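The values are calculated or read from the model by the stated rules, or taken from the named source; none is laboratory data. Given the structure is predicted, the values throughout are model-derived calculations rather than measurements. Backbone-built Cβ (ideal geometry, glycine too); neighbour counts: all protein chains shown.
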Protein chains: 2
Amino acid sequence: LTFEVTILGSSSARFTADRFQTSQILNHNERYFLIDCGEATQIQLSKYRFSFQKIDKIFISHLHGDHYFGLIGLITTMHLLGRTKELSIYGPKGLKEILEIQLNYSETTLNYPLIFSETNPDKAETIYEDDKLSIISFPLKHRIPCTGFRFTENPKVRNIIKENIPFNLPPLQILELKKGNNISWEGETLIADFCTSKPKKSFSYSFCSDTIFDENLIENISSSDWLYHEATFLHNMLERAQKTYHTTALQAAQLAKNADVRGLLIGHYSSRYHHLEDHLAEAKSVFSNTLIATEGLKVDISS
Amino acid sequence: LTFEVTILGSSSARFTADRFQTSQILNHNERYFLIDCGEATQIQLSKYRFSFQKIDKIFISHLHGDHYFGLIGLITTMHLLGRTKELSIYGPKGLKEILEIQLNYSETTLNYPLIFSETNPDKAETIYEDDKLSIISFPLKHRIPCTGFRFTENPKVRNIIKENIPFNLPPLQILELKKGNNISWEGETLIADFCTSKPKKSFSYSFCSDTIFDENLIENISSSDWLYHEATFLHNMLERAQKTYHTTALQAAQLAKNADVRGLLIGHYSSRYHHLEDHLAEAKSVFSNTLIATEGLKVDISS
């Protein structure tokens, strides 16, 4: 089962020679979720060979342009490519209005349904769930309404130990055992713990951009396998970070440690930084399993 | 005096591996005018080393996204770079509303004045003039309201022949002679034709994208030095061109010929074309001084 995030853009508000604005794509078992969509995200998607049409859901954290100016172009391109499959967009109040006014003036009627869901900037909410995965949005503390997102695999079913069950046990009974329930079968009790082995681990990925350092996040990101957290500044610019509602590399690492995550991915670097070794060193001084988000980087959430 | 256009994007609605959406930048004596602004135009401006802050005026032909989705990002970047100098935008009804709603939701108050002028999709109008240049917008025939633009240098003054005028002639009298007026000076009549030589030629550039083939354009583009005209399709797709209100390479050349322009620049190619030799050959069969717009191409309007 694939559970992998690819970085499409690692910069903050301004492009640099090699950094694009925030965007990431999450592949969960060949379902694709796009998280934020800075200008030119469609160029990055093409560069890293992701099919636009495989994207099912798009999540927008907030309405600063470096997180969503590429969305209207992507939506339009999906239309031009003949998409008919529904596309769901989760984002803040105002996003629907911004997209619709542009579609209206261009007299474009999309060939596919665009389903908007407004995120709640005030409290954590489950915005999507199915049998495999649940997705929550949760408040970040930024200059305008902003949310993070957490993608959590549902608990997986237990694995059958073939030699410990009757060869003719029907599927419905097998499913009950996989769920961990003991069952009766031909007058016998079959014990789930004996007939099955422990389920595989479920994994989760949390995304936090943009936000001031905020320990209230911990309840929502706690024990994520991987946490993406913005690290716009180095810690010697703490004052600037606080003033602009951003985080330093050191603070991101502190949060990762306190939230007991397995790995930390930092990004959203200010364009003033020409190299990122200092961000990495600063974060690693507090939390060793840190990676620097760079364009094209893939991180396996499930390993 | 520089009068030069640089192509930033030559594609139509869809990006290709090497083609960006429509945008051009016109340098008139170190004043910079941006014409159309597809997504990622700011990346192209950086690539070809144009200073964002030197751009004084932006002209948007119409509200199909491949002609303006890059504008909100460019405006925002100018703000982040500390611009204080006024920026004028000429474009269709709706553009102001689209930009303002996005600035409002991001709670951005620009550090510089943004001056909107609405273009008239129904008749040609002078939208700007000063002592050097006049700019008109004129209707194109597309699926939604759309205008072209013509940039015309004002008639230049005549050049003084030093040996044919009194050495002590004051500036005001010199100016009259430069304008071609005879003057009286110390009881004598000075004849402009004798005291001055012919002025240098004035040049002009016309921009037409997107439009169906329309001979009514000729009155506005007539005798341009260079004409940019869209050539989305080859002529074997004439039916498709007409249906979508676009032009074929052959038709663009026909129009250039009928409008008696000096040079033709074609662009806005459908993404179905992987090479452009056929566009060039087709246009040249009717109008030999044709160039293919490609990213980074510079054309000297004044030579």
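Yes or no: B:I25 more than 23 Å from B:A231 (Cβ to Cβ), aliphatic (A, V, I, L, M) and at pLDDT 95 or above?
no
Would you be able to say whether some residue in the stretch B:269-292 is buried (at least 24 other Cβ atoms within 10 Å of the Cβ), among the hydroxyl-bearing types (S, T, Y), in contact (Cβ under 8 Å) with a residue 24 or more places away in the chain and outside any strand (DSSP E or B)?
no
Would a scan of the stretch A:27-37 turn up a residue that is closer than 19 Å to B:Y105 by Cα and within 12 Å of another protein chain (Cβ to nearest Cβ)?
yes
Among the residues of the stretch A:91-111, which ones are among the polar types (S, T, N, Q) and either under 18 Å from A:I43 (Cα atoms) or facing chain B (nearest Cβ under 7 Å) (or both)? I'd like the intermediate steps shown before the answer.
Of the stretch A:91-111, the ones among the polar types (S, T, N, Q) are A:102, A:104, A:106, A:108-109, A:111.
If the condition is that a residue be among the polar types (S, T, N, Q) and either under 18 Å from A:I43 (Cα atoms) or facing chain B (nearest Cβ under 7 Å) (or both), then A:Q102, A:S106 are the ones that fit.
What pairs can you find where one residue is in the stretch A:122-147 and within 14 Å of another protein chain (Cβ to nearest Cβ), the other is part of a loop (DSSP other than H, G, I, E, B) and modelled with pLDDT under 95, and their Cβ atoms are less than 8 Å apart, with a gap of 6+ or different chains?
A:H142/A:D210; A:C146/A:D210
Taking the stretch B:5-17, which residues are among the small types (G, A, S) and away from every other protein chain (no Cβ under 11 Å)?
Scanning the stretch B:5-17 gives B:G9, B:S10, B:S11.
Which of the residues spanning the stretch A:76-90 are on the phi < 0 side of the Ramachandran plot and more than 9 Å from every other protein chain (Cβ to nearest Cβ)?
Matches in the stretch A:76-90: A:M78, A:H79, A:R83, A:T84, A:K85, A:E86, A:L87, A:S88, A:I89, A:Y90.
Scan the stretch B:47-70 for residues that are within 12 Å of chain A (Cβ to nearest Cβ), under 18 Å from B:I135 (Cα atoms) and either free of Cβ contacts under 8 Å to residues at least 60 places away in the same chain or hydrophobic (A, V, I, L, M, F, W, C) (or both) and jot them down.
B:I60
Looking only at the stretch B:133-142, count how many residues are part of a loop (DSSP other than H, G, I, E, B) and crowded, with 21+ Cβ neighbours inside 10 Å.
Total satisfying the criteria: 2.
Please enumerate the residues belonging to the stretch A:243-260 that are within 22 Å of A:Q24 (Cβ to Cβ), of a type in the set (A, V, I, L, M) and in a helix (DSSP H, G or I).
Scanning the stretch A:243-260 gives A:A249, A:A252, A:A253, A:L255, A:A256.
Conditions tested, residue by residue: (1) of a type in the set (A, V, I, L, M); (2) surrounded by fewer than 22 Cβ atoms within 10 Å (Cβ to Cβ).
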residue: B:T16; (1), (2): no, yes
residue: B:L34; (1), (2): yes, no
residue: B:Y68; (1), (2): no, no
residue: B:G82; (1), (2): no, yes
residue: B:G94; (1), (2): no, yes
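Filter the stretch A:112-121 down to the residues that are within 14 Å of chain B (Cβ to nearest Cβ) and surrounded by fewer than 18 Cβ atoms within 10 Å (Cβ to Cβ) and list them by number. Talk me through it step by step, then tell me what you get.
First pass over the stretch A:112-121, keeping only residues within 14 Å of chain B (Cβ to nearest Cβ): A:118-119, A:121.
Listed by number, the list holds a single entry, A:E118.
Exactly one of these conditions fails for B:F20: (1) within 11 Å of chain A (Cβ to nearest Cβ); (2) modelled with pLDDT of 95 or more; (3) surrounded by fewer than 19 Cβ atoms within 10 Å (Cβ to Cβ). Give me its number.
(3)
Let me spell it out: the conditions are (1) surrounded by 15 or more Cβ atoms within 10 Å (Cβ to Cβ); (2) more than 18 Å from the chain's Cα centre (by Cα); (3) modelled with pLDDT of 95 or more; (4) not small (G, A, S), and A:T109 meets all of them except one. Which number is the exception?
Unmet for A:T109, out of (1) surrounded by 15 or more Cβ atoms within 10 Å (Cβ to Cβ); (2) more than 18 Å from the chain's Cα centre (by Cα); (3) modelled with pLDDT of 95 or more; (4) not small (G, A, S): (1).
For the stretch A:194-225, how many residues are within 14 Å of the chain's Cα centre (by Cα) and in contact (Cβ under 8 Å) with a residue 60 or more places away in the chain?
Number satisfying all stated conditions: 11.
Please list, ordered by first then second residue, the pairs with beta carbon atoms under 6 Å, 6 or more apart or interchain, first in the stretch B:10-38 and touching a residue at least 60 places away in the same chain (Cβ under 8 Å) and more than 21 Å from B:T77 (Cα to Cα), second of a type in the set (S, T, Y) and assigned to a loop (DSSP other than H, G, I, E, B).
Close Cβ pairs satisfying both conditions: B:S10/B:T294; B:S12/B:T232; B:S12/B:S270; B:R14/B:S271; B:T16/B:S271; B:R19/B:S10; B:N29/B:T2.
For the stretch B:258-296, enumerate the residues that are over 26 Å from B:K200 (Cα atoms) and among the hydrophobic types (A, V, I, L, M, F, W, C).
B:I266, B:L276, B:L280, B:A281, B:A283, B:V286, B:F287, B:I292, B:A293
Table: residues versus (1) exposed (fewer than 12 other Cβ atoms within 10 Å of the Cβ); (2) modelled with pLDDT under 95.
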| site | (1), (2) |
| --- | --- |
| B:N168 | yes, yes |
| B:K179 | no, yes |
| B:P199 | no, yes |
| B:Y205 | no, no |
| B:C208 | no, no |
| B:N216 | yes, no |
